Amino acid sequence: MVDILPYLYKRLRDADPSVRSEEQLTLLDVGGRTGVGSDLLASIFYGIWSKRKISVDVLDIDDTYEDYIYASARFVRQFICAYIFNMESDQYDYIVCSHVIEHIDEPFAFCEQLRRVSKRGVVMYCPYEEQDPIVGHNTITHEMIEGFGAQDITVLDNTWFWKQESRPELKTVLFWLPALT
């Protein structure tokens, strides 16, 4: 989650010039798992570190960490155990989806659904152009990202936790998906 914060702030500022207004926005962290990154994000936008208040919910298909989230996440509004395909349209102002799409069998349908659920846009973060994918990963290519309708594609080759000396070719990518509305 830390790696996406500067990008997310830039997208919020560029997409919504009123980013410093008093209107509270909503954000869904898709695939938030333990909720730790979600809680960090929620704490930043709780009004302590930012003038913009954003309420953060966590969505995951596995409820293993639900009790943990409710016991430890001070700033997350709620945990939702569901598939994104079961969510209603225009439910959240923004969506963040970090390191999920590479696990999805139908990435185009997944991106379309994220765009449908969001009112304003989606920040995506994932491995980029993996040459020898990690077990359980599908390779996300530049052509795919463009096919998703992505904007502001930013490739990172210096992500500290993702780099391994034995695999210097590993890169990640951030991109913006505008909402369908």
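Details
- In the range 1-10, the qualifying residues are those that are closer than 13 Å to Y125 by Cα and modelled with pLDDT of 80 or more, and the one that is farthest from the chain's Cα centre (by Cα) is P6.
- Each residue in the range 90-136 was checked for being in contact with a helix residue (DSSP H, G or I) (Cβ under 9 Å, 6 or more places away or on another chain), at pLDDT 95 or above, more than 26 Å from F45 (Cβ to Cβ) and in a loop (DSSP other than H, G, I, E, B), and 1 pass.
- Test result for F85, surrounded by 13 or more Cβ atoms within 10 Å (Cβ to Cβ), over 15 Å from L8 (Cβ atoms) and out of contact with any Gly (no Cβ under 6 Å at 6 or more places or on another chain): no
- Just so you know, in the range 35-51 the residues that are over 16 Å from I95 (Cα atoms) and outside any helix (DSSP H, G or I) include one that is modelled with the lowest pLDDT, and it is W49.
- Meets criteria (among the aromatic types (F, W, Y), surrounded by 17 or more Cβ atoms within 10 Å (Cβ to Cβ), more than 13 Å from the chain's Cα centre (by Cα) and part of a loop (DSSP other than H, G, I, E, B)) for F79: no
- Criterion applied to E146, E112 was being farther than 16 Å from L27 by Cβ, of a type in the set (D, E, K, R) and without any contact (Cβ under 8 Å) to a residue 60 or more places away in the chain, and the one residue passing it is E146.
The values are calculated or read from the model by the stated rules, or taken from the named source; none is laboratory data. Bear in mind the structure is a predicted one, so any value in this text is a computation, not a measurement. Methodologically, a virtual Cβ is constructed for each residue, glycine included, from the backbone with ideal geometry; neighbour enumeration extends over all protein chains shown.
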